[in-house]
Every structure is written in C-alpha cells, then in structure tokens.
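Okay, structure first, notes after.
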Amino acid sequence: MHPIRLISRLDIKGPNVIKGIHLEGLRVVGKPGDLARAYYKDGIDEILYMDTVASLYGRSSIFGVIEETARDVFVPITIGGGIRTVDDFKQALRCGADKVAVNTAAVKRPEFIRETAAAFGSQCVVLSIEAKRHAPGQWEALCDNGRETTGKDVLAWVQEAVSLGAGEIILTSVDMEGTKKGFDMDLITRVRELVEVPVIACGGAGKAEHISAAFLNGNVDAVACASMFHYKLATVSELKSSLHDSGVPVRLS
C-alpha cells in the first residue's frame, strides 16, 4: 500500500494566497512563497498552486511565484490556472513546476490534453475538475474557478480526459470546498471506479478523519488541503502523525 501524499493547495490571486468557501467569499491568508516554504519545512509532500483569476483575465501571473518557490522548496510543484497553449505549458515547466493542471483550456478543446501529453508526457498533465453536484450521482464540471458552467458530466469527462492522456486527476468538490466538513465521498468513489490514474481529493478536509476516510474508503492517492493548514487546524507534521497513528501510511519526515 503506497503512502498517501499530502498536498498543500495555495490558491493565488495577484500577490496573495486566498481562501474561500465554495470558491467564493475569498479572503487573503498569506503570501505564496512564505506559506510554501513553511509547509515544506514542516514536511509537506507536494505543493499545488492554482491561479484563480488567470482564465478570467486571459493571462497568468503565477510563473514568477513558481520560480521563487522552486529556489527554496524541493518537493514536486503543480501549477494550474491560465494554461491554454503548449507554450504556456512549457513555460510552467521551465519555471520549476513538475506538473501542470489544466481545466478551462481542456474543457474548451479536449485535444489540448493529447497535445500536451504527447509533448511532455502524461505524468506532467493533470486534469483539474471542479465538480458541482446537480442530482444524486450527477455532477457538472465547472471552470474559471467555479464561475462558469460547462455542461460536461464529470464522470464522462474524467474518462474522456484520461483516454486523451491525462495522467492524474485533481478532483475538487465545489459543494464541500472550504467547509471543513469532509470530502464528497460519493464523488470520489465513483471517479475512482472509472479511472486507474492517481486521484487527488480536494475540497472539504477539516480533520485527519476526513483524510483517513478518503484514503481507506475512497482509495485516493493524495489529498490537497488548504483550510487545514492556512487556518492552523493542524500542522503538516501533526496531521501526518495523526494519520500514521490511525493506520494510514504517510511519508514521515
């Protein structure tokens, strides 16, 4: 059984890290470099940067943040937001990212996934899904940080994206995001049944038990946490110790 990966999610707006509930009501919680370095020193396994306004404004300003972080942080870094061309993808990797998350560009032109997987390898291509529940067992994929509907069924979209070459899935529940009430386990288990690539659960983590459930019952490969770390509900080391004590395999520092 592979250790679960703990990922710190940092949503970026301009020079700040922000956090909200259901991707709304955003408030500033710190600076990207400061938080990334702190989480790295405390034993985080990976860092996920998401530019929350890049697709809205048609540009990404996050590349400088990645360059700064990569000088001091030596764990895998994923960048998402505003990546819409192969050149954008290449620039993200050159700045120090190990993987690139795509959402809006892939929704608008799914072939973008195939192109980037062919150019850089599927291991670099991460599909970011913002899932909004519409009915029992039914979720729609949103884009532009939850601002736009797509009409795409999440379960069908995740299968299509993997067939095109996506090598990992970041699965964010818009309904649970920021609530600290736990993950949408129905969503996780249904997606997990459909794909064999790694699945990262995101949206809802508030305590160690939520993460244990996602791993033991949902069979996820990783969890991305924001509120837990930003609001000091637990440090990375405290969370890992708690998970370890409950029988969940983690990478201990």
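The values are calculated or read from the model by the stated rules, or taken from the named source; none is laboratory data. This one's a predicted model, so the numbers in the text were calculated from it and none came from an experiment. Because the Cβ atoms are built from the backbone with ideal geometry, glycine has one as well, and the counts that use them run over all protein chains shown.
Of all residues in segment 219-236, those that are crowded, with 17+ Cβ neighbours inside 10 Å and either over 19 Å from VAL126 (Cα atoms) or of a type in the set (Lys, Arg) (or both) total 6.
Looking only at segment 142-166, residues that are in a loop (DSSP other than H, G, I, E, B) and under 20 Å from ARG114 (Cβ atoms) come to 2 in all. Inside segment 60-90, residues that are touching a helix residue (DSSP H, G or I) at 6+ places or on another chain (Cβ under 7 Å), under 20 Å from GLY165 (Cα atoms) and part of a helix (DSSP H, G or I) make up a count of 2.
Applying the condition of being surrounded by 19 or more Cβ atoms within 10 Å (Cβ to Cβ) and of a type in the set (Asp, Glu) to segment 1-54 and asking which residue is farthest from SER241 (Cα to Cα) yields ASP51. Can you name the residue in segment 37-67 that is over 19 Å from the mean Cα position of the chain (by Cα) and modelled with pLDDT under 90 and is also nearest to VAL250 (Cα to Cα) among such residues? Among those residues, the one meeting the criterion is GLY64.
Looking for something in contact (Cβ under 8 Å) with a residue 24 or more places away in the chain, under 16 Å from LEU10 (Cα atoms) and surrounded by fewer than 16 Cβ atoms within 10 Å (Cβ to Cβ) - is there at least one such residue anywhere in segment 238-252? No, segment 238-252 contains no residue that is in contact (Cβ under 8 Å) with a residue 24 or more places away in the chain, under 16 Å from LEU10 (Cα atoms) and surrounded by fewer than 16 Cβ atoms within 10 Å (Cβ to Cβ). Only residues that are assigned to a helix (DSSP H, G or I) and of a type in the set (Ser, Thr, Tyr) were counted across segment 167-223, and they come to 2. Scanning segment 137-155 for residues that are in contact (Cβ under 8 Å) with a residue 24 or more places away in the chain and under 22 Å from GLU193 (Cα atoms), we see that the one that is surrounded by the most Cβ atoms within 10 Å (Cβ to Cβ) is TRP139. With respect to the conditions (1) surrounded by 20 or more Cβ atoms within 10 Å (Cβ to Cβ); (2) closer than 29 Å to GLY96 by Cβ; (3) touching a helix residue (DSSP H, G or I) at 6+ places or on another chain (Cβ under 9 Å); (4) not hydroxyl-bearing (Ser, Thr, Tyr), ALA208 lacks only one, and its number is (2).
The selection criterion, being within 20 Å of CYS143 (Cα to Cα), out of contact with any Cys (no Cβ under 8 Å at 6 or more places or on another chain), of a type in the set (A, V, I, L, M) and modelled with pLDDT of 95 or more, holds for VAL86. Name the pairs: first residue in segment 29-54 and of a type in the set (Lys, Arg), second residue in a helix (DSSP H, G or I), Cβ to Cβ under 8 Å, at least 6 apart or on different chains? Cβ pairs passing all conditions: ARG37/THR69; ARG37/ASP72. In this structure, ILE79 qualifies as modelled with pLDDT of 95 or more and under 21 Å from PRO15 (Cβ atoms).
If you scan segment 91-109, which residues turn out to be farther than 18 Å from ILE170 by Cβ, assigned to a loop (DSSP other than H, G, I, E, B) and touching a residue at least 12 places away in the same chain (Cβ under 8 Å)? Hits for segment 91-109 are CYS95, GLY96.
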